[in-house]
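The values are calculated or read from the model by the stated rules, or taken from the named source; none is laboratory data. Since the model is a prediction, treat every value here as computed from it, not as a measurement. Counting neighbours? That spans all protein chains shown, and the Cβs are built from the backbone with ideal geometry, glycine included. The protein model used for the area step is the full one, side chains on, heavy atoms only, and it has no ligands, DNA or RNA in it. Shrake-Rupley method; radii C 1.70, N 1.55, O 1.52, S 1.80 Å.
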Amino acid sequence: MTHQVALPAFYNDLDASFAEAWNVVAAGVTDRNSPAHTPTVGTVDADGTPQLRIMILRAVSRDSRTLRFHTDARSDKTAQLRDEAAASILVYDPAAKAQIRLSGRAHIAAQGDVADTAWSGSTPFARRCYMAEAAPGTPIAQPSSGLPEWIEGKQPEEEQLADYRGNFAALMFQADSVEWLYLANAGHRRARWHWDQTQNLWLGNWLVP
């Protein structure tokens, strides 16, 4: 007797698959164990060299199509993303049997309400990494965290962090395309949606997996 595995409600439903894709991504904000908590973020150097790195997902808004990450304002990626540069995000969640690829534009918010709120909303321990004395990627003679010796292994106080706010920035990504791949023994499902600026809505279609 063949055992039939129940398929999820979104399996053959394009709209429900789109909602599920965003749900998988958004879970990374509150669930530290979710693979979406640490997605792969891709950018391109000025010379055209692709760059990938793992970043911690801090916020998601399906309504505004945005994802927020935090970064050091002195890092190479801030220069890459200064002018609404192309960027992509990859999430693979084995438990959800889903791979999600988002493509769009990203920019750095180092000043203003978004950055200020993101800074103040982070824990002192999370903000400690922005106390590094040199920019990320700076060559050094000996292995080091880059932090001043007096704060190594300690959680800084608010007053100790005040002078380092300028090293912090929010990386804001806005999706123009979402691609969804759901893995199933009964047959994979794949779909892609793009943001239609004229109609101000997402348009999607199924793809061959």
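Brief remarks on what is shown
- Per residue, in Å², the accessible surface of the range 46-169 once ligands and nucleic acids are set aside, probe 1.4 Å: 58
- Heavy-atom accessible area with a 1.4 Å probe sorts TRP202, TRP22, largest first, into TRP202, TRP22.
- Working note: 222 nm ellipticity from helices only, DSSP H runs with n ≥ 4, each -39,500 (n - 2.57), summed and divided by the residues of the chain, gives -5000 deg cm²/dmol to the nearest 500.
- Within the range 72-99: backbone nitrogen closer than 11 Å to the THR40 label point (7 Å, Cα to C-beta): 89-92
- Put a plus charge on the Cβ of each Lys and Arg, a minus charge on the Cβ of each Asp and Glu, and nothing anywhere else: the dipole of the chain about its Cα centre is then about 580 debye.
- FRET efficiency, ASP31 to PHE125 (Cβ-Cβ, R0 22 Å, nearest 0.05): 0.70
- Distance between the pseudo-spin-label points of ALA134 and ASP63 (7 Å out from Cα toward the beta carbon): 4.5 nm.
- Largest accessible area first, the listed residues ASP163, ASP72 line up as ASP163, ASP72 when surface is computed with a 1.4 Å probe on the assembled protein chains.
- Estimated vicinal HN-Hα couplings, Hz - the range 177-193 in sequence order (Karplus 6.51, -1.76, 1.60; Gly, Pro = x): 8, 10, 10, 10, 10, 10, 9, 8, 4, 6, x, 5, 10, 9, 8, 9, 10
- Applying 0.36 nm per residue to the separation of TRP206 and ASN185 and subtracting their alpha-carbon distance, the gain on full extension is 5.8 nm.
- Cα gyration tensor shape for the range 24-122, rounded if a/c is under 1.5, else prolate or oblate: oblate
- Using heavy atoms of the protein chains and a probe of 1.4 Å, the accessible area assigned to HIS70 is about 20 Å².
- Dipole in debye (nearest 20) - the range 14-131, about Cα centre, beta carbon charges: Lys, Arg +1; Asp, Glu -1: 280
- ARG105 long-range amide H proximity, modeled H, under 5 Å: ALA87, GLN174, ASP176
- For ASP196 and ALA95, the FRET efficiency from 1/(1 + (r/R0)^6), where r spans their Cβ atoms and R0 equals 30 Å, is about 0.40.
- Rounded to 10°, Cα long-axis angle of helix 14-30 versus longest principal axis of the chain: 30
- Note on GLU157 and ASP113: with the Förster distance fixed at 35 Å, the Cβ-Cβ geometry gives a FRET efficiency of about 0.90.
- Anisotropy class of the range 146-209 from Cα gyration tensor, a/c 1.5 cut: oblate
- Taking other residues whose beta carbon is less than 15 angstrom from the beta carbon of TYR182, and scoring Lys, Arg as +1 and Asp, Glu as -1, yields 0.
- Taking θ as phi - 60° and the Karplus parameters 6.51, -1.76 and 1.60, the scalar couplings of the range 109-123 work out to 10, 8, 10, x, 4, 4, 5, 5, 5, 5, 5, 5, x, 8, 6 Hz in sequence order, x denoting glycine and proline.
- Between TYR164 and ASP83, full extension at 0.36 nm per residue minus the direct alpha carbon distance yields a gain of 26.7 nm.
- The string of couplings for the range 50-64 from the Karplus curve (6.51, -1.76, 1.60, θ = phi - 60°) is x, 10, 10, 7, 8, 10, 8, 6, 9, 7, 9, 9, 5, 4, 9 Hz, one whole number per residue in order, with x for Gly and Pro.
- Compactness of the chain is given as radius of gyration and Dmax, 19.7, 69 Å, from Cα positions.
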